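Written out below as C-alpha cells is the structure these notes cover.
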Amino acid sequence: MFKRSQVSSLFIVMLVFSFVVFTGCSKPPTEELAKADKAMEEAKQKEAPVYASDLFSKAEETLKKAKDYVAEKKYKEAKQAAVDAEAAAQQAIAGIEAGKTKMKAEAEQVAQDVQKALDELKASVAAVGKKKALAKARDEAQEIVTKLEADFAAAKENLQAKVKEANDQLKAMKDQINAKKEELTNLMAAPAAAPAPKK
C-alpha cells in the first residue's frame, strides 16, 4: 500500500497538475473580441453614436470591460463581456433608424418653431417703424432677418439629408431669433432718452 508521504506527494502533484491544466489552457477570447470590434466599427460607420447614443455607449463600455478582463487574465469573464459588447453594438445598429426618425421629427418641430419666431421677429422689426432713435437697431434686425431666412431655407433643405446637423442648426437659429426678438422688445419698451439740457 501507499505510505502517507506518497499519498501526500501524489495529492500535491495532482493539485499542481489540475491548476496547470485549468490556468494553462485558458486563453484570451480573441475571436469574440474581434467580432465585437467589428460590430462596433460597423455601428460607428452607420452613425450609431449620433442616432442610438445610449445603446452605443453601453456597447463601448462593455467592450472596454472585456478588454480589461483580458488584461487581468480573466478570460471567461472577458469572453462573456465581448459577446455582450457585440450584442449591444448590434442593438445600437438596429436602433439607428428609430433614432433618426425621432430626431427628424424633433427637427421638423423646431423648424416650425423657428418659422413662427422668424415671423414674430419680422413683425417686431416692422413695429419699430420709422422711429429715428431705433433706426440702427431696426436696420441691424432687418439684416439679421434676411440672413436667418436664407439660413432657415438651407437648414430645411439639409433636414432631408443631414438630420443631426440640420437639427443643431435649427436649434441655434431659434435661440438667435428669440434673443433678437427680446432685444427689440426691450428697445421699444424703453422710455425715450430725455433730451440734453440746453446751456
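The values are calculated or read from the model by the stated rules, or taken from the named source; none is laboratory data. Predicted model only: the values in this text are computed from it and were never measured. Glycine also receives a Cβ, built like all others from the backbone with ideal geometry; neighbour counts cover every protein chain displayed.
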Would you check if K162 is outside the structural domain of M40 (by TED's automatic domain parsing), at pLDDT below 80 and under 17 Å from the mean Cα position of the chain (by Cα)? yes
Among F56, F11, which is modelled with pLDDT under 90 and aromatic (F, W, Y)? F11
Out of segment 83-105, which residues are of a type in the set (D, E, K, R) and surrounded by 18 or more Cβ atoms within 10 Å (Cβ to Cβ)? D84, E86
When you go through (1) at pLDDT below 80; (2) within 24 Å of A127 (Cβ to Cβ) one by one for A179, which number turns out not to apply? (1)
Among the residues of segment 39-48, is there at least one that is touching a residue at least 40 places away in the same chain (Cβ under 8 Å), loosely packed, with under 15 Cβ neighbours inside 10 Å and not basic (K, R)? yes
Looking only at residues that are polar (S, T, N, Q) and farther than 16 Å from L148 by Cα in segment 162-186, which one is surrounded by the most Cβ atoms within 10 Å (Cβ to Cβ)? T185
Please determine whether any residue of segment 59-67 is closer than 21 Å to I93 by Cβ, part of a loop (DSSP other than H, G, I, E, B) and either at pLDDT below 95 or more than 18 Å from the chain's Cα centre (by Cα) (or both). no
